[in-house]
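Here the structure comes first, spelled out in structure tokens, and everything after it is commentary.
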């Protein structure tokens, strides 16, 4: 990935001046910091950033400048990355599956907060010689709807096992906590309400007071024009549910948004390589690149077509089939996408809300996947 200078005002002014032939990701630091302030001002507890969503150094630096001081890391590589960019950062190692060597690496890099969902993982933490008071958050799962897809098939203990692990963590001298994840792109505040109520029941069953309750990630970003993410309603639901479930013994709250913090701060420009009969459009990026999530989450309608001069295309809308640049026939955006009839080869499609899981999952299959990263003042 290459970083370009100078800073342009908008993606359109950049495209007009540079006429890039590779995909371009446009980062607006102002938008990123403003989104961080929404969480810092609205969430009733500690806000951490899930690095996996977008590990770009510019993202980490701008979140730190906005006031984010704690980061959810899932691997030794992410630990090393955050330490190199923000040495003083607080790190929460909340991938609940780790080798003994990974636990030791985290310990040596000052990590003092871990999640577990299995007796074997708790044993690894005990055997690593972590200091008393190290936070161990037991991750549990529920059959709760409301997300685009949930993580319960891979992570999370049952409430019964969670109570057992919580009691054992407390007995081992760890600071006992609970954590959950309602599932990615969760738009229903009641998902958090259900989990928080169950957290209180687990704590009572374990006979352990909670040091903290981590209400996970899953906070939604805006993927479609018609769907504004209900962050304020979720924050309010979390605060009210915690007060009802725990009363005066309510633990401190933590959240770990990834997608919702970074998505809005990045737009993606892809170029039209070829227009074929039957409405088939070939692009310079696809599912092996920054569009990897589109087959999983559905194609966003937050997009515009612009010419090389920066002029918006505005012809009648036609349904088109979009293909990526590789020789793999799977490299296709599912369904059809409405695009202007006057779209021409060499034009750009500008997609908004693309900061999450775009750079993080890029491959270099067939030699494609090279992305420019450009800084702009605004993404309008």
- Note on the structure: With Cα coordinates, the longest principal axis of the chain makes an angle with the long axis of helix 57-66, in degrees rounded to 10, of 60
- Message: How large are Rg and Dmax for segment 94-211 when calculated on the C-alpha trace, in angstrom?
- Response: 14.2, 40
- Message: Nearest 5 percent is fine: what portion of the DSSP beta bridges confined to segment 29-262 is antiparallel?
- Response: 5
- Query: Under a plain spin-label model, where a point goes 7 Å from the Cα along Cα-to-Cβ, how far apart in nm are residue 227 and residue 252?
  - Reply: 3.4
- Measuring from the longest principal axis of the C-alpha atoms of the chain, the long axis of helix 29-42 (C-alpha) lies at a number of degrees, nearest 10, equal to 30
- Query: Given only helices, namely DSSP H runs of n ≥ 4 each adding -39500 (n - 2.57), what is the per-residue ellipticity at 222 nm of the chain, to the nearest 500 deg cm²/dmol?
  - Reply: -9000 deg cm²/dmol
- Message: Could you compute how fast segment 157-241 diffuses translationally, taking Rh as the Kirkwood radius over C-alpha pairs and applying Stokes-Einstein at 10 °C with viscosity 1.306 mPa s? Give it in µm² per second.
- Response: 115
- Task: Would you give the gap between the C-alpha center of segment 1-72 and the C-alpha center of segment 272-306, rounded to a whole Å?
- Result: 23
- Task: Taking the chain as the reference, fit the longest principal axis to its C-alpha atoms, fit the long axis of helix 231-246 to the helix C-alpha atoms, and give the angle between the two in degrees, 0 to 90, nearest 10.
- Result: 10
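Starting from the Cα-Cα distance between residue 336 and residue 88, subtract it from 0.36 nm times their residue separation and give me the gain in nm to one decimal. Please report the intermediate quantities before stating the final value.
Values: separation 248, 0.36 × 248 = 89.28 nm, distance 4.69 nm.
My answer for the length gained is 84.6 nm.
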- Express in nm, to one decimal, how much length is gained between residue 373 and residue 65 on full extension, taking 0.36 nm for each residue of separation and deducting their alpha carbon distance. 108.9 nm
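From the C-alpha coordinates alone, can you work out the Kirkwood hydrodynamic radius of segment 28-67, in Å?
Details: mean 1/r = 0.0963 Å⁻¹.
By the Kirkwood definition, the hydrodynamic radius is 10.4 Å.
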- Over all distinct Cα pairs, what is the inverse of the mean 1/r for segment 29-262, reported as the Kirkwood hydrodynamic radius in Å? 17.7
- Query: How many angstrom lie between the C-alpha centres of segment 149-197 and segment 231-246?
  - Reply: 16
- Given the peptides 11-20, 50-59, arrange them by the average over their residues of other C-beta atoms within 10 Å, most packed first. 50-59, 11-20
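Compute the normalised compactness of segment 219-353: alpha-carbon radius of gyration over 2.2 N^0.38 Å, N being the residue count.
Details: Rg = 19.7 Å, N = 135, 2.2 N^0.38 = 14.2 Å.
Normalised Cα radius of gyration, segment 219-353: 1.39.
Would you kindly state how much longer the chain becomes between residue 7 and residue 236 on full extension, computed as 0.36 nm times their sequence separation minus their alpha carbon distance, in nm to one decimal?
Values: separation 229, 0.36 × 229 = 82.44 nm, distance 3.77 nm.
My answer for the length gained is 78.7 nm.
The numbers here are math on the coordinates, done by the rules we state, and not lab data. Nothing here was measured: the structure is a model prediction, and the numbers come from that model. Positions of Cβ are backbone-derived with ideal geometry, glycine not excepted, and every protein chain shown enters the neighbour counts.
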